[in-house]
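Contents: one structure, followed by commentary.
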Amino acid sequence: MNHKHWQAVALAAFMLAAPAFAGSAQTYWTASWTASPFDGAKLPAKFFTPSIAAFENQTIRQTITLSRGGTALRIRFSNEFGVGPLRIGAASLAYVSGGQKIHVPLTFGGATAITAYASAPVVSDPVAAALPDGAEIEVSLYLPDNTPVSTIHLLGLQPSFVSQAGNHVAADTLPGATAFEYVEATGNRYPARAFLSEVDVSNSKKLKTVVAFGDSITDGMGSTPNQSRRWPDDLARRIVQAKLPFSVINQGIGGNQVLANGLGASALARFDRDALAVPGVSTVILLEGINDIGFSGNMLPGISRVDVIKAEEIIQGYRQLIARAHAKGVRIIGVTMTAFEGSPAYTAEKEAVRQAVNAWIRSSKAFDAVVDFDAVTRDAASPTKLKATFDSGDHIHLNDAGYAAMAAAIPLSAL
């Protein structure tokens, strides 16, 4: 598609979309997909494939699955951790309809290009697109300038690709595409995300947003890639089947902690951004704390605290999150931390902290509701361990069956 034709299509899409939002019909916006931003500068370029420090004159294409569909959507890109401007030369979304791939250019105030300044996001104009619940879409963005790999999400679990040189946002297939992946020191590879942080959908009926807020267990470590088998995914499918007016978004960050910054801002630091500011938020499901426990006791010399964290410290953090949610009229559901004996972080002293915090979650009545993930997933004979059929193999993260059991344990009436 030539440049002039692409501009014409973009203008037409903007003109068609605008009346739907300027008229008298009431529409409601709800978050339908999210990926919590992480500072890519904390990791050397060698941890990414391709092994790069920056994108330049390249197109990135990322696949996502919406929790709920709608009649229109808007997309949010984040430059939160950028030290300079992020120039987006062009962007598009694509979806399949009637067996054909439909490309729709994104605009920003009617323009096809925009600059996101350091630490700031940009949001696209609304785009008319009738999409069903659970729809899969592709978001492409062209980065013409040298752009450091800054604002990212490590555990995408759905395909992300980087093209050869050029603007290819309108291409069905990216030329010279290379998978954009985070590569662990162990050699494990995970599709990563760059700059894409949120997709909202519009509907004539109001949907409420449930925020799954947590660490790598919420982010889906151990689940099958490209199958949407994280526990928030399973919960979203249950809600759709029950025909309830909720979307579910995933705000998990691998390695995240309640109290300390590290792999992502701490839960206390990011709660407003990732939970309370989300469009349509009504309920937060909180699963955090195992990394506060596991990373303490000098688990990571030079990074983590030398002493083992105290249960009271984590509980105080929970109380702050509860207070902030309630101040905004948002429900917050507490869930117990799952077993981790057999993982490198485990010690008997740390297990005692987990048990103490879980006991408080169950008995304090501080949360609006409680779900006992620990009871659902632990080994009955060895309750400090995960049930073998739910263990991904590393003895802390669950597999597809384990995540499904967690989602099934959440009473839909509690939402």
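The values are calculated or read from the model by the stated rules, or taken from the named source; none is laboratory data. Remember, it's a predicted structure, so these values are computed and weren't measured experimentally. Cβ sites come from the backbone with ideal geometry, for glycine too, and all protein chains shown count toward neighbours.
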key: Residue check for Pro232: buried (at least 21 other Cβ atoms within 10 Å of the Cβ) and not assigned by TED's automatic domain parsing to the domain that holds Ala54   = yes
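Here's the yes/no breakdown for (1) under 17 Å from the mean Cα position of the chain (by Cα); (2) aliphatic (A, V, I, L, M):
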residue	(1), (2)
Ser228	yes, no
Pro245	no, no
Asn256	yes, no
Ala260	no, yes
Asp272	yes, no
Ala275	yes, yes
Val278	yes, yes
ask   = In region 82-90, is there at least one residue being within 22 Å of Ser216 (Cα to Cα), under 23 Å from the mean Cα position of the chain (by Cα) and either modelled with pLDDT of 95 or more or hydroxyl-bearing (Ser, Thr, Tyr) (or both)?
value = no
remark   = Within region 62-93, residues buried (at least 23 other Cβ atoms within 10 Å of the Cβ) and either without any contact (Cβ under 8 Å) to a residue 40 or more places away in the chain or under 19 Å from Gln164 (Cβ atoms) (or both) come out as Gln62, Ile88, Ala90, Ala91, Ser92
remark   = Per the filter on region 163-181, residues assigned to a strand (DSSP E or B) and touching a Phe, Trp or Tyr at 6+ places or on another chain (Cβ under 8 Å) are Thr178, Ala179, Glu181
query = Would a scan of region 354-377 turn up a residue that is farther than 23 Å from Lys310 by Cα, surrounded by 20 or more Cβ atoms within 10 Å (Cβ to Cβ) and either in contact with a strand residue (DSSP E or B) (Cβ under 6 Å, 6 or more places away or on another chain) or not aromatic (Phe, Trp, Tyr) (or both)?
reply = yes
key: Residue under evaluation Ala111, criteria (1) touching a residue at least 12 places away in the same chain (Cβ under 8 Å); (2) closer than 24 Å to Pro279 by Cβ, criterion not met   = (1)
Condition met for Ser163 (in the same structural domain as Ala269 (by TED's automatic domain parsing) and among the hydroxyl-bearing types (Ser, Thr, Tyr)) = no
query = So which residues in region 302-361 are modelled with pLDDT of 95 or more and among the hydroxyl-bearing types (Ser, Thr, Tyr), if there are any at all?
reply = Tyr318, Thr336, Thr338, Ser343, Tyr346, Thr347
request  = Counting only residues that are under 29 Å from Ala311 (Cβ atoms) and of a type in the set (S, T, N, Q), give me the helices (runs of 4 or more DSSP H) lying completely in region 184-287 with at least 1 of them.
outcome  = 216-219
Residues satisfying the stated conditions in region 42-64, i.e. over 24 Å from Ser228 (Cβ atoms), touching a strand residue (DSSP E or B) at 6+ places or on another chain (Cβ under 7 Å) and either part of a loop (DSSP other than H, G, I, E, B) or at pLDDT 80 or above (or both) = Pro50, Ala53, Ala54, Phe55, Glu56, Asn57, Gln58, Thr59
ask   = In region 162-199, what count of residues is obtained for those that are basic (Lys, Arg) and surrounded by fewer than 18 Cβ atoms within 10 Å (Cβ to Cβ)?
value = 1
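Residues checked against (1) under 18 Å from Ser223 (Cα atoms); (2) of a type outside the set (Lys, Arg); (3) part of a helix (DSSP H, G or I):
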{"residue": "Thr338", "(1), (2), (3)": "yes, yes, no"}
{"residue": "Val357", "(1), (2), (3)": "no, yes, yes"}
{"residue": "Pro383", "(1), (2), (3)": "no, yes, no"}
{"residue": "Gly402", "(1), (2), (3)": "yes, yes, yes"}
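For (1) under 28 Å from Gly393 (Cα atoms); (2) touching a Ser or Thr at 6+ places or on another chain (Cβ under 6 Å); (3) aliphatic (A, V, I, L, M), each residue gets a yes or a no:
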position	(1), (2), (3)
Leu300	yes, no, yes
Gln316	no, no, no
Arg319	no, no, no
Ile322	no, no, yes
Thr336	yes, no, no
Glu349	yes, no, no
Ala356	yes, no, yes
ask   = Can you tell which of Val240, Val284, Val278, Val306 is touching a helix residue (DSSP H, G or I) at 6+ places or on another chain (Cβ under 9 Å), not hydroxyl-bearing (Ser, Thr, Tyr) and not assigned by TED's automatic domain parsing to the domain that holds Ala35?
value = Val284
task = Can you work out which of the residues in region 123-168 that are of a type in the set (S, T, N, Q) and more than 25 Å from Thr71 (Cα to Cα) is modelled with the lowest pLDDT?
result = Ser150
ask   = Here are some residues: Leu244, Leu286, Leu259. Which one is touching a residue at least 12 places away in the same chain (Cβ under 8 Å), under 26 Å from Pro411 (Cα atoms) and surrounded by fewer than 22 Cβ atoms within 10 Å (Cβ to Cβ)?
value = Leu244
inquiry  = I'm told Ala345 meets every condition in (1) within 19 Å of Glu288 (Cβ to Cβ); (2) surrounded by fewer than 14 Cβ atoms within 10 Å (Cβ to Cβ) except one. Can you identify the failing condition by its number?
reply    = (2)
query = Do any residues in region 318-340 that are over 27 Å from Lys385 (Cα atoms) have Cβ atoms under 9 Å from those of residues that are of a type in the set (Asp, Glu) and in a helix (DSSP H, G or I), where the two are at least six apart or on different chains, and which pairs are they?
reply = Arg324/Asp272; Lys328/Asp272
